[in-house]
1. Tell me, which residue of the stretch 79-91 that is open to solvent by less than 100 Å² (accessible area, probe 1.4 Å) and outside any helix (DSSP H, G or I) is farthest from Arg130 (Cα to Cα)?
2. From (1) out of contact with any helix residue (DSSP H, G or I) (no Cβ under 8 Å at 6 or more places or on another chain); (2) modelled with pLDDT under 90; (3) in a strand (DSSP E or B), pick out the condition that doesn't hold for Arg94.
3. From the set of residues in the stretch 17-51 that are among the polar types (S, T, N, Q) and in contact with a Leu (Cβ under 8 Å, 6 or more places away or on another chain), which is most open to solvent (accessible area, probe 1.4 Å)?
4. Being in contact (Cβ under 8 Å) with a residue 12 or more places away in the chain, farther than 30 Å from Glu162 by Cβ and touching an Asp or Glu at 6+ places or on another chain (Cβ under 8 Å) narrows it down to one residue among Ser35, Ser124; which is it?
5. So, in the stretch 139-159, exactly how many residues are in a strand (DSSP E or B) and either closer than 15 Å to Gly118 by Cα or in contact with a Leu (Cβ under 8 Å, 6 or more places away or on another chain) (or both)?
Amino acid sequence: MRYIIIKDLYSVNEAIRDKEVRVIGNDGAMLGIMSAAQAQQFADEAELDLVKISPNATPPVCKIMDYSKFKYEQAKKEKENRKNQTVVEVKEIRLSMTIDVGDIAVKTKQCLKFLESGNKVKVSIRMKGRENARSYQGVKVMQDFYEGLEGKANLDKKPATEGRNIIMMLSPVKN
């Protein structure tokens, strides 16, 4: 498990060495542009931290806040974002130009399993020898395979010949 150290992303208190900074108060009110020392004094009086939240602005923007609370909330948000993230894998199904009807049914069934679990599917045919001269037959096999999916897949990339391969990309239909 990876944790991002937020401390490295923000300059805090004495680490802020800019001449002038734009300061935002703890309540969100704009306090104006002042020296970093003066802003640090405001933060010390409020018993809070001075955090540089936008270093690339001119002048840099600093906010008076409780840094440990801010760090905790950032880590909590990041953990929530990781939990909601879904990884889409690309599964591959290989066909041949001389595939039989029963074999296509088995491959179609497997493809539907992949699509139902939310994965993209790459369907490919590798042409050998004389098959290169009849790539249109491979494209026809691909089209028949796609029609066998009965509208349960979106065609992301139409069957196309790339060297010795014919490749088609499918993705699951969104409900």
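The values are calculated or read from the model by the stated rules, or taken from the named source; none is laboratory data. If you're wondering where the values come from, they're calculated on a predicted model, not measured in any experiment. Heads up, the Cβs are rebuilt from the backbone with ideal geometry, glycines too, and the neighbour counts pull from every protein chain shown. Just so you know, the surface numbers come from the protein's heavy atoms only, side chains and all, with ligands and any DNA or RNA stripped out. Shrake-Rupley method; radii C 1.70, N 1.55, O 1.52, S 1.80 Å.
1. Val88
2. Going through (1) out of contact with any helix residue (DSSP H, G or I) (no Cβ under 8 Å at 6 or more places or on another chain); (2) modelled with pLDDT under 90; (3) in a strand (DSSP E or B) one by one, Arg94 breaks only (2).
3. Pass one, the stretch 17-51, residues among the polar types (S, T, N, Q): 26, 35, 38, 40-41.
Those still in the list that are in contact with a Leu (Cβ under 8 Å, 6 or more places away or on another chain) too: 26, 40.
Numbers: Asn26: 97, Gln40: 22 Å².
If we take residues in the stretch 17-51 being among the polar types (S, T, N, Q) and in contact with a Leu (Cβ under 8 Å, 6 or more places away or on another chain), then Asn26 is most open to solvent (accessible area, probe 1.4 Å).
4. Among Ser35, Ser124, only Ser35 is in contact (Cβ under 8 Å) with a residue 12 or more places away in the chain, farther than 30 Å from Glu162 by Cβ and touching an Asp or Glu at 6+ places or on another chain (Cβ under 8 Å).
5. Initially, the stretch 139-159 is screened for residues in a strand (DSSP E or B), giving 153-159.
From the residues that got through so far, the ones that are either closer than 15 Å to Gly118 by Cα or in contact with a Leu (Cβ under 8 Å, 6 or more places away or on another chain) (or both) too are 153-156.
Summing the residues that are in a strand (DSSP E or B) and either closer than 15 Å to Gly118 by Cα or in contact with a Leu (Cβ under 8 Å, 6 or more places away or on another chain) (or both) in the stretch 139-159 gives 4.
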